[in-house]
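Trainee: Sending over a structure as structure tokens; questions will come in a sec.
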Number of protein chains: 2
Amino acid sequence: MAISASKPATAPQIDDTTLRGFIGYTMKRAYMVVRNDMHRVLAEHDLRVTTFSALCIIAENSDLTQTQLAGALKIERSSVVVVVDELEGRELISRNRVEGDRRTYALRITLKGRRLFERIVEEAKQHENALLSDLSDAERETLFGLLKRVENSAS
Amino acid sequence: MAISASKPATAPQIDDTTLRGFIGYTMKRAYMVVRNDMHRVLAEHDLRVTTFSALCIIAENSDLTQTQLAGALKIERSSVVVVVDELEGRELISRNRVEGDRRTYALRITLKGRRLFERIVEEAKQHENALLSDLSDAERETLFGLLKRVENSAS
DNA sequence: TTTAATAGTTCTGTAACATAACAGTTCGCA
DNA sequence: TGCGAACTGTTATGTTACAGAACTATTAAA
């Protein structure tokens, strides 16, 4: 069946009312904006989001194991290997043998790693501040709080 | 350098203070919870998130083109083809020829499509309600509002 | 009327993981 | 004290969910 098209001069606005009713849709949209921004910051340092997240976790949890890192990042141990390989290859962290358990490594950030970590945190904070400049401090707190409560309602 | 490990009996809690300072990290965590829940609902109907989103958009925007759909879903036209193929193959939507422009299709939901659409919306709403049961109506509104403002601060 | 732009399509590539199977090591306990 | 179970890291392979480039058919613009 052919439709006769009355060509609209104005860009026809698409309705997404139903999808807007779902928190997942709105959350994904907002998340993509934030994620793309972070992506841009990290790309300049040749880092992916998960790699940087790993660096953060190692920075404030010295001598943790790869399995612990996997748990913290909520990814599989096999995926951690790639991330840790990358960080170690760039001398941002080190794998240290553990006396008493020859299976595990103790991951530790290097001086070079800590310098990069601190620099990127600074940059990312600035970007985030610019991105959230519409929101007051109170609103940011509210947003963080609500998101955490959603996260903790996992089945 | 080997680390001597004093084996902790309690599961050592991993610190993610720095990452928690970033909205992207907390948002991703919350989003994953919501997304996994939606994923479970849709899996029972053999649908992926984007495919269902497309069905929603077509349901309330009759006779839109694939390019418009791509714009609405923020994905490439080449990706839309796969999604529309899937929906058409399952007879949930139809591609209709347009009189006056033989390049484009007018996408329209079928009766079967609308029935499935309405059923899934119902189910998804219930799941979402259960998931957000910790939040009051006012808090949900606040969350939606803040997320939309973040989304609209895209550069 | 030639040229440019647009819609849909196909093919190939990529990112960011998961899954399964494996070796080395340590633990539980009979 | 020895042996199977459990655990750590690793490799190889598969999956998901797209993007990008190049193509055809069609329409619009110069």
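Trainee: Averaged over B:80-92, how many beta carbons belonging to a partner chain fall within 10 Å of each residue's beta carbon?
Mentor: Rounded to a whole number, the mean comes out at 0.
Trainee: Partner chain Cβ atoms within 10 Å, averaged over the residues of A:63-73 - can you pull that number for me?
Mentor: Partner-chain Cβ atoms within 10 Å, mean over residues of A:63-73: 2.
Trainee: Rounded if a/c is under 1.5, else prolate if a/b beats b/c, else oblate: with a ≥ b ≥ c from the C-alpha gyration tensor eigenvalues square-rooted, which is segment B:87-155?
Mentor: Note, shape of segment B:87-155 comes out oblate.
Trainee: First measure r as the distance between the Cβ atoms of A:E91 and B:N36, then evaluate 1/(1 + (r/R0)^6) with R0 = 41 Å and state the FRET efficiency to the nearest 0.05.
Mentor: Working from the Cβ atoms, E equals 0.70.
Trainee: Something else now. Rounded to the nearest Å, what's the spacing between the alpha carbon centres of segment B:77-114 and segment A:83-125? Just the number, please.
Mentor: 50
Every read-out reported here was derived from the displayed coordinates using simple, explicitly stated rules and does not represent laboratory data. Keep in mind it's a predicted model, so treat the numbers as computed, not measured. Note: ideal-geometry Cβ built from the backbone for every residue, glycine included; neighbour counts use all protein chains shown.
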